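Colleague: Pasting a structure below so you can have a look.
The values are calculated or read from the model by the stated rules, or taken from the named source; none is laboratory data. Here the structure is a predicted model, which means the values were calculated and not measured. Here the Cβ positions follow ideal geometry from the backbone for every residue, glycine too, while neighbour counts run over all protein chains shown. SASA here: full protein model, heavy atoms, side chains in, ligands and nucleic acids out. Shrake-Rupley method; radii C 1.70, N 1.55, O 1.52, S 1.80 Å.
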Amino acid sequence: MFVRIVKMSFSEEHIEDFLSNFEENKRKIRDFRGCNLLELYRDKNNSNIFFTYSYWESENDLEHYRQSDLFKSVWSKTKTFFNSKPEAWSLDKLESLV
């Protein structure tokens, strides 16, 4: 299992734009081949910071998504809302207790 975490910080006036864009596209992203989970988090102490957390079958699946028209469309819109550079982490899931 491959995990991708992306931290994004938005200008206050663009938070609703981001949330609307996410709402419009979340099902398409989640249904993309190889994506097993998609979650959105908001920082409790800084309301303009958000994280996406996604599970992918493999790095290749994530890369295929990143090369897709869907990603290009979503990301080109999302990046216009940033107030700082996004950060991303790629992780191998080693263990999970539920």
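Colleague: Please go through (1) open to solvent by 40 Å² or more (accessible area, probe 1.4 Å); (2) assigned to a helix (DSSP H, G or I) for residue 62 and return the number of the only condition it doesn't satisfy.
Modeller: Every condition holds for residue 62 apart from (1).
Colleague: I would also like to ask the following. Just give me the residues in the stretch 1-58 being in a strand (DSSP E or B) and among the small types (Gly, Ala, Ser), in sequence order. Full working, then the answer.
Modeller: Step one: filter the stretch 1-58 for residues in a strand (DSSP E or B), giving 2-10, 35-42, 49-56.
Within the stretch 1-58, 9, 54 meet the criteria.
Colleague: If you check 49, 29, 15, which single one turns out to be touching a Ser or Thr at 6+ places or on another chain (Cβ under 6 Å) and among the aliphatic types (A, V, I, L, M)? Walk me through how you get there before you give the answer.
Modeller: Values: 29 fails: touching a Ser or Thr at 6+ places or on another chain (Cβ under 6 Å); 15 fails: touching a Ser or Thr at 6+ places or on another chain (Cβ under 6 Å).
Only one candidate qualifies: 49.
Colleague: Any idea which residue in the stretch 38-59 is farthest from the chain's Cα centre (by Cα), counting only those that are open to solvent by less than 60 Å² (accessible area, probe 1.4 Å) and farther than 15 Å from residue 90 by Cβ?
Modeller: Among those that are open to solvent by less than 60 Å² (accessible area, probe 1.4 Å) and farther than 15 Å from residue 90 by Cβ, it is 47.
Colleague: Then there is this: Within the set of pairs 6 or more residues apart or between chains, which connect a residue that is free of Cβ contacts under 8 Å to residues at least 60 places away in the same chain inside the stretch 74-86 to a residue that is open to solvent by 70 Å² or more (accessible area, probe 1.4 Å) and in a helix (DSSP H, G or I) with Cβ atoms less than 9 Å apart?
Modeller: Close Cβ pairs (under 9 Å, with a partner that is open to solvent by 70 Å² or more (accessible area, probe 1.4 Å) and in a helix (DSSP H, G or I)) amount to 74/24; 74/28; 75/66.
Colleague: Moving on to the next point. Just to be sure I understand, how many residues within the stretch 7-27 are touching a residue at least 24 places away in the same chain (Cβ under 8 Å) and loosely packed, with under 15 Cβ neighbours inside 10 Å?
Modeller: Number satisfying all stated conditions: 2.
Colleague: Return a yes/no flag: does the stretch 69-81 have any residue that is assigned to a strand (DSSP E or B) and surrounded by 15 or more Cβ atoms within 10 Å (Cβ to Cβ).
Modeller: As a first pass, look at the stretch 69-81 and keep what is assigned to a strand (DSSP E or B): none.
The answer is no; no qualifying residue exists.
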